[in-house]
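Report on the structure given below.
The values are calculated or read from the model by the stated rules, or taken from the named source; none is laboratory data. As the structure is a computational prediction, the values presented were derived from the model and not from experiment. Neighbour counts run over all protein chains shown; Cβ positions are idealised from the backbone, glycine included.
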There are 2 protein chains.
Amino acid sequence: MMDSPPGVADLLGVLAYAELTAFLRFAEDATRHAPSLADQAALGGLAAAEYAHFQLLRDRIASLGVDPEEAMAPFVGPLDAWHAQTAPGDWLETLVKAYAGTGIALDFYREAATRVDDETRDLVEEVLADEGRSQFAVERVGAAIKEDPRQSGRLALWARRLVGEALSQGQQVALARPELALLLVSEGDDITRMFARLTEAHGRRMAALGLPSTP
Amino acid sequence: MMDSPPGVADLLGVLAYAELTAFLRFAEDATRHAPSLADQAALGGLAAAEYAHFQLLRDRIASLGVDPEEAMAPFVGPLDAWHAQTAPGDWLETLVKAYAGTGIALDFYREAATRVDDETRDLVEEVLADEGRSQFAVERVGAAIKEDPRQSGRLALWARRLVGEALSQGQQVALARPELALLLVSEGDDITRMFARLTEAHGRRMAALGLPSTP
């Protein structure tokens, strides 16, 4: 078994706060924008799953002898800023954000998975097993675009903004937390290439939603 | 095994919507009022548990061949009105509301437990097993009152308002849904006496928080 490399507390901290705040924001978006109780419940289910991931991460941080609040603290600013810049204006934007945001987070878990100790990897795999939870968003957005194809342009722009703001916050985090950035890039790789991979994966997800990559 | 008596779909519907909306409101209150990430996480944990209860109730409703949205629909108005009338103004009000609201709901489950079919009773017992989850609120409110005893008067008034508004909504629901009301009262009992028991239990919980029953 490998020891926790430097940067693991940062990695768990950023993921923990991302899950905690996604839980709270998705719940808020469900209250504000869901057009029916079934839709509220569907997005609520995704939110509740984020809370369960948060708990796993918090417990893992504590088991490393690190205070979870301290581990999360450096990432509160950038993640709150991302959510503030990407507050959805309606239900379709809410769904695209839930799907895109969850997808970016899962890519980030996958990037991290190969570079951490065994116990952290087990946790990462447990979270990744939950991947299908945002699938309901694909079906609902797909149906909405089929019904009214004019939605597709503005949602494609929205999806671009979501990933653009995420990369911009991500670059600042990488500069401020060099150990975390080092953990996320393998030898011969660099952080820019990792961000390019995330952007490509985002594009594939947006295609799955039925959104063009160039609006 | 007893068949579902009339009113059970109503009972499960009111509880399901109460859990769904508590989940969403507590998440919102955590975002708005929690003074630290640990507090946000603690109230978030209670909210996530409410979502898990909602899922149990929704599945049970569906297994009775009833549409969960239809079962919840009659109770959306009264429960939304209760939450609108009792939006907490700060973190201590949030905690008292979470503890009082969860407590009233659990009393309601207990009243119901003796009068339903076996499968519904299993579900009720599963929810009741989660009772300790709002205990963190008792500790935090107790500590705040110890530190500043002047908080106790206004929080006692707040607790009264919480239960007063709940009874007022409850009476309207009992009038509008006679089968539900009948389910909740045993022979020789009446709904007023049930409300009196709920009020007494509320008073005991407020005493546990360190709040006087007469402010």
> Which number in (1) within 14 Å of the chain's Cα centre (by Cα); (2) at pLDDT 90 or above; (3) buried (at least 16 other Cβ atoms within 10 Å of the Cβ) marks the one condition that A:Asp80 misses?
Replying inline: (3)
> Is at least one residue of segment B:115-123 touching a helix residue (DSSP H, G or I) at 6+ places or on another chain (Cβ under 7 Å) and over 26 Å from A:Ala38 (Cβ atoms)?
Replying inline: yes
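Filter segment B:32-48 down to residues that are within 19 Å of B:Asp80 (Cβ to Cβ) and either among the hydroxyl-bearing types (Ser, Thr, Tyr) or under 16 Å from the mean Cα position of the chain (by Cα) (or both), then give me how many there are.
Our first condition is that a residue be within 19 Å of B:Asp80 (Cβ to Cβ); within segment B:32-48, this holds for B:32, B:47.
Narrowing the set further to residues that are either among the hydroxyl-bearing types (Ser, Thr, Tyr) or under 16 Å from the mean Cα position of the chain (by Cα) (or both) leaves B:47.
Count: 1.
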>> With the requirement that a residue be more than 7 Å from chain B (Cβ to nearest Cβ) and within 22 Å of B:Pro68 (Cβ to Cβ), what does segment A:22-35 give you?
In response: A:Phe26, A:Asp29, A:Arg32, A:His33, A:Ala34, A:Pro35
> When the residues of segment A:31-43 are filtered to those that are among the aliphatic types (A, V, I, L, M) and touching a Phe, Trp or Tyr at 6+ places or on another chain (Cβ under 9 Å), which remaining residue is nearest to A:Met72 (Cα to Cα)?
Replying inline: A:Leu43
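Can you say whether A:Gly89 is in a loop (DSSP other than H, G, I, E, B) and either over 17 Å from A:Leu128 (Cα atoms) or more than 9 Å from chain B (Cβ to nearest Cβ) (or both), as far as the supplied structure shows?
On the way: in a loop (DSSP other than H, G, I, E, B): yes; either over 17 Å from A:Leu128 (Cα atoms) or more than 9 Å from chain B (Cβ to nearest Cβ) (or both): yes.
For A:Gly89, the condition - in a loop (DSSP other than H, G, I, E, B) and either over 17 Å from A:Leu128 (Cα atoms) or more than 9 Å from chain B (Cβ to nearest Cβ) (or both) - is met.
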> Counting just the residues of segment B:1-58 that are among the β-branched types (Val, Ile, Thr) and buried (at least 19 other Cβ atoms within 10 Å of the Cβ), which one comes out nearest to B:Ile104 (Cα to Cα)?
Replying inline: B:Val14
> Do you know which residues across segment B:49-69 are in a helix (DSSP H, G or I) and either over 19 Å from B:Leu79 (Cβ atoms) or β-branched (Val, Ile, Thr) (or both)?
Replying inline: B:Asp59, B:Ile61, B:Ala62, B:Ser63
>> Can you tell me which condition A:Ala73 does not meet? The list is (1) assigned to a loop (DSSP other than H, G, I, E, B); (2) over 15 Å from A:Phe136 (Cα atoms); (3) over 16 Å from the mean Cα position of the chain (by Cα); (4) not charged (D, E, K, R), and all the others hold.
In response: (1)
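This table checks each residue for (1) of a type in the set (Lys, Arg); (2) touching a Pro at 6+ places or on another chain (Cβ under 7 Å); (3) more than 7 Å from chain B (Cβ to nearest Cβ).
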position	(1), (2), (3)
A:Ala16	no, yes, yes
A:Leu20	no, no, no
A:Gln40	no, no, no
A:Gly44	no, no, no
A:His53	no, no, yes
A:Leu56	no, no, yes
A:Ala62	no, yes, yes
A:Val66	no, no, yes
A:Ala71	no, no, yes
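Select the helices (runs of 4 or more DSSP H) contained entirely in segment A:92-211, then report the ones holding at least 3 residues which are among the aromatic types (Phe, Trp, Tyr) and either surrounded by 14 or more Cβ atoms within 10 Å (Cβ to Cβ) or without any contact (Cβ under 8 Å) to a residue 60 or more places away in the chain (or both).
In segment A:92-211, there are no helices (runs of 4 or more DSSP H) which contain 3 or more residues that are among the aromatic types (Phe, Trp, Tyr) and either surrounded by 14 or more Cβ atoms within 10 Å (Cβ to Cβ) or without any contact (Cβ under 8 Å) to a residue 60 or more places away in the chain (or both).
Any residue in segment B:161-183 that is closer than 16 Å to B:Trp91 by Cα and of a type outside the set (A, V, I, L, M)? Lay out the reasoning, then the answer.
Start the filter on segment B:161-183 by keeping residues that are closer than 16 Å to B:Trp91 by Cα, which leaves B:162.
Imposing the further condition that a residue be of a type outside the set (A, V, I, L, M) reduces the set to none.
Checked segment B:161-183: no residue is closer than 16 Å to B:Trp91 by Cα and of a type outside the set (A, V, I, L, M).
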>> Criterion first (free of Cβ contacts under 8 Å to residues at least 40 places away in the same chain and facing another protein chain (nearest Cβ under 7 Å)) does B:Ala48 satisfy it?
In response: yes
